[in-house]
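Working notes, structure below.
Taken together, the values in this text are just the output of simple stated rules run on the coordinates, not laboratory data. Keep in mind the model is a prediction, meaning the values are calculated, not measured. Cβ placement follows ideal geometry from the backbone for every residue including glycine, while neighbour counts extend to all protein chains displayed.
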């Protein structure tokens, strides 16, 4: 059944591999074309979308060659309206543009302190100017009628676009949070007009390239770095019944066990390792953690701080039953949901405390197995998103999010979100 709700469905796509990427140049607005591999990446994505009947109402692209060529390769297959807008061009990086990284480091060494308002390499855009340009670029899309749009652009510009949509402002000295995209990595977001909030369906997704190596690539050089993989449990009996589970303690279905086994085999095959598995004490999460633990031979620690949102009297109700209720204080951040459940504020504080508890551990690789609502609030806390923000973050059963924290830079990196490429199909 088609969802009648007016909405914007926006896919943000970084261009394919360019000559500048492959040969180690600062690109900025220097106009490097795609490599053969970059053209292959774009063609693979076009074929994936065509075979899965995924289409868009319009494509908007940066006019720089690496983005323009990516859009043209895709559009040769999809045959959609395509237009170019310089607002989607990469950051103007001043005198760095077109220089090899080694030469640039010698000529223009990184200063000890960088403000938001300082031009890049003497003549380029400041980070604040880039942020404002990204915000204006987003506005041009939201002035279009509701529909499905593909944006083909560049890493730095898209990172700032994500900041604007999440309600974040950039930080000086390149601190804070970064949401990178691999070449032809894509982020899918949605804005529903009846809710007036953004939903993140995925980040840095590469369904056209197999295997997905985002997680494995992020596992290198981990000295003094924290790496967290957040995992939602496998399918539970409560999921099958279509009810709001909350802290009701449903076990995994056979299907959910199989999902966890597939993920465990996937990680075992590609050499993924963790120092510790931390899990919610509820059955559906604990069983998922145990299946992975047995395969990877990693110790499991159960922690009730990771249990799901307590929805009070709403626990066990279906979506239709909840929608019929007129007494749910969704707009009151401090009111207990379901009469005797948790408030949204309490859950946010519980997730925020979990951030501190993890930071009290020595650096390493950690797998956290929990539930959609608590994992979302954990990401809120890391990103610095206030719980008043009604952002929705998607987590399918056994989908993961991968984050890194670099203490020396005080920088969080969200490598991917809602990654379920280990499953043989979206319907599995």
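A compact table of results
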quantity	calculated
Residue ID - nearest to the chain's Cα centre (by Cα), chosen from residues in the stretch 383-395 that are over 16 Å from residue 418 (Cα atoms) and surrounded by fewer than 18 Cβ atoms within 10 Å (Cβ to Cβ)	384
Meets criteria (surrounded by 18 or more Cβ atoms within 10 Å (Cβ to Cβ), out of contact with any strand residue (DSSP E or B) (no Cβ under 6 Å at 6 or more places or on another chain) and under 23 Å from residue 289 (Cα atoms)) for residue 377	yes
Residues being part of a loop (DSSP other than H, G, I, E, B) and in contact (Cβ under 8 Å) with a residue 12 or more places away in the chain - total across the stretch 362-382	3
Selection within the stretch 32-47 - surrounded by fewer than 16 Cβ atoms within 10 Å (Cβ to Cβ) and in contact with a helix residue (DSSP H, G or I) (Cβ under 6 Å, 6 or more places away or on another chain)	33
Of all residues making up the stretch 130-172, the number that are more than 18 Å from the chain's Cα centre (by Cα) and farther than 28 Å from residue 196 by Cβ	1
Lone unmet requirement of (1) within 27 Å of residue 383 (Cβ to Cβ); (2) surrounded by fewer than 17 Cβ atoms within 10 Å (Cβ to Cβ) for residue 101	(1)
Subset of the stretch 130-144 that is free of Cβ contacts under 8 Å to residues at least 12 places away in the same chain and in a helix (DSSP H, G or I) - its residue that is surrounded by the fewest Cβ atoms within 10 Å (Cβ to Cβ)	139
Pair list, Cβ under 9 Å, 6 or more apart: the stretch 89-114 residue over 26 Å from residue 14 (Cα atoms), other residue outside any helix (DSSP H, G or I)	107/99; 108/99; 111/118
Residue identified as assigned to a strand (DSSP E or B), closer than 25 Å to residue 147 by Cβ and within 26 Å of the chain's Cα centre (by Cα) among 70, 11, 5, 55	11
Qualifying residues in the stretch 403-415 (those that are closer than 17 Å to residue 380 by Cβ and within 12 Å of the chain's Cα centre (by Cα)) - the one surrounded by the fewest Cβ atoms within 10 Å (Cβ to Cβ)	413
Tally, over the stretch 20-29, of residues that are crowded, with 18+ Cβ neighbours inside 10 Å and not in a strand (DSSP E or B)	6
Test: residue 281 is in a loop (DSSP other than H, G, I, E, B) and touching a helix residue (DSSP H, G or I) at 6+ places or on another chain (Cβ under 9 Å)	yes
Residue list for the stretch 306-349, restricted to those being assigned to a loop (DSSP other than H, G, I, E, B) and in contact with a strand residue (DSSP E or B) (Cβ under 9 Å, 6 or more places away or on another chain)	307, 308, 315, 316, 317
Filter pass, residue 423 being surrounded by 14 or more Cβ atoms within 10 Å (Cβ to Cβ), touching a residue at least 12 places away in the same chain (Cβ under 8 Å) and outside any loop (DSSP other than H, G, I, E, B)	no
